[in-house]
Amino acid sequence: NCLEGRGGTGFVGTALSRLLRSKGYGVTIVSRMPGPQRMSWTDLAESGLPANTVAVVSLAGQNVLDPTRRWTPGFKQNVWASRVNTTQSLVQATIRAPVKPKVFISISGVGIYQPSQTAEYNEDSQGESFDFLSRLCHEWENAAKLQADLGVRQVTVRSGVILGRNGGMIKQLFLPFYLGLGGPVGRGDQYMPWIHIHDMASLLLFAIENDNVQGVLNGVAPQVVTNRQFAKAFGRALWRPALIPIPEFLLNVAFSEERAKIMTEGQKVIPKRTLAYGFQYKYPDIDVACRQVAKLIPSK
Ligand code: NDP
């Protein structure tokens, strides 16, 4: 078996590739950088999917919260194209494949749901287009749509904040929290949909291997927490106080308000379909997830 993964060099891609290889799958990664078991974008456009590809997983995307990059029109264009255009390229390769893969999986974000302190969203909720990031989620999901008559099963995973030691938010928060300087973001009562990296990789594998799974799955843990509850759990896991709030205005200055919203606002997201399909979480609880993530030598 061969799996074609894109964004496979990143935080999620690395975890998924490792899991897939442990199950005996071959993995080919489409990357901008050459390397073993990799192909370039040009290779993909010219030669298409590798033979015997059973699943295509679209995971690429320029890091939106890169603190070293200003939120300029050029950077926003990169953020957009690195998701929409890359997904389109993979769709084109799937359409052209003489033997189709069984499944096409793409990741998207819970940013498709409008931040709210009162609304509760599940996969049946209508995602809206209300700002740059929600419009991006729509275009990203649209870019992944294949014609039904192609016979390729489709799954879209709308991910919450992914918690793991080697990437995403924790990578940036580990040091300040370790130094006892961590705390909630802004008001702290905004919801923070989250999922442990182990569960995200398992959910992608679950979507690959279960032929009945299709459509949108919320990639979030069943336990709903606020940003303050997360900060407390992470502080506890590191045996540190987590009392120093990060002021909203500082984030607005550092990141610009449009993208700081990812941290200062949130939505209550329920994984209704994910649970209905019978997906089993290893880390459904924020304290247990934070304890795993806080280990100095993380277990796999
Ligand atoms: P990473 O930042 O770790 O890596 C994603 C990969 O995308 C990189 O390895 C890189 O591959 C590729 N990439 C980066 N920039 C570009 C670009 N400009 N053009 C083409 N490819 C690019 O992301 P994650 O693994 O954390 O996330 C994977 C996906 O999941 C992303 O689309 C992200 O938006 C989404 N997501 C992640 C969440 C999280 O908490 N981490 C939450 C919600 C959604 P290479 O260098 O090999 O080309």
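The values are calculated or read from the model by the stated rules, or taken from the named source; none is laboratory data. Here the structure is a predicted model, which means the values were calculated and not measured. For neighbour counting, all protein chains shown are included, and Cβ atoms are generated from backbone atoms with ideal geometry for every residue, glycine included. Please note that ligands, DNA and RNA were not included when accessible areas were found on the heavy atoms of the full protein model with its side chains. Shrake-Rupley method; radii C 1.70, N 1.55, O 1.52, S 1.80 Å.
So which lysines pass the test for LYS272, namely a Cα distance under 20 Å, with those fewer than 8 places away in the same chain ruled out?
LYS282
Which percent, nearest 5, of DSSP beta bridges in the chain are antiparallel?
Just about 5 percent of them are antiparallel.
Ranking request for peptides 189-197, 130-138: highest mean number of other beta-carbon atoms within 10 Å first, then the rest in descending order.
Peptide ranking by packing, descending: 189-197, 130-138.
Give me the percent relative contact order of the range 114-179, please, defined on Cα pairs under 8 angstrom at least 6 residues apart.
Value for the range 114-179: 14 percent.
With an 8 Å cut-off on Cα pairs and a minimum separation of 6 or more residues, tell me the relative contact order of the chain in percent.
19 percent
Would you mind getting me the FRET efficiency between ARG135 and GLU46? Use the beta-carbon distance for r and R0 = 30 Å, nearest 0.05.
Rounded to the nearest 0.05, the efficiency is 0.45.
Magnitude of the Cβ-charge dipole of the chain, K/R +1 and D/E -1, about the Cα centre, nearest 20 debye?
With Lys and Arg at +1 and Asp and Glu at -1, about 860 debye.
How much accessible area per residue does the chain have, counting only protein heavy atoms and a probe of 1.4 Å, in square angstrom?
Dividing the accessible area of the chain by its residue count gives 47 Å².
Filter LYS102/LYS261; LYS23/LYS261; LYS171/LYS268; LYS102/LYS295 down to the pairs with a C-alpha to C-alpha distance above 27 Å, please.
LYS102/LYS261; LYS23/LYS261; LYS102/LYS295
Using helices alone, I'd like the mean residue ellipticity at 222 nm for the chain: each DSSP H run of four-plus residues gives -39500 (n - 2.57), total over residue count, nearest 500.
Helices in the chain give a 222 nm mean residue ellipticity of -12000 deg cm²/dmol.
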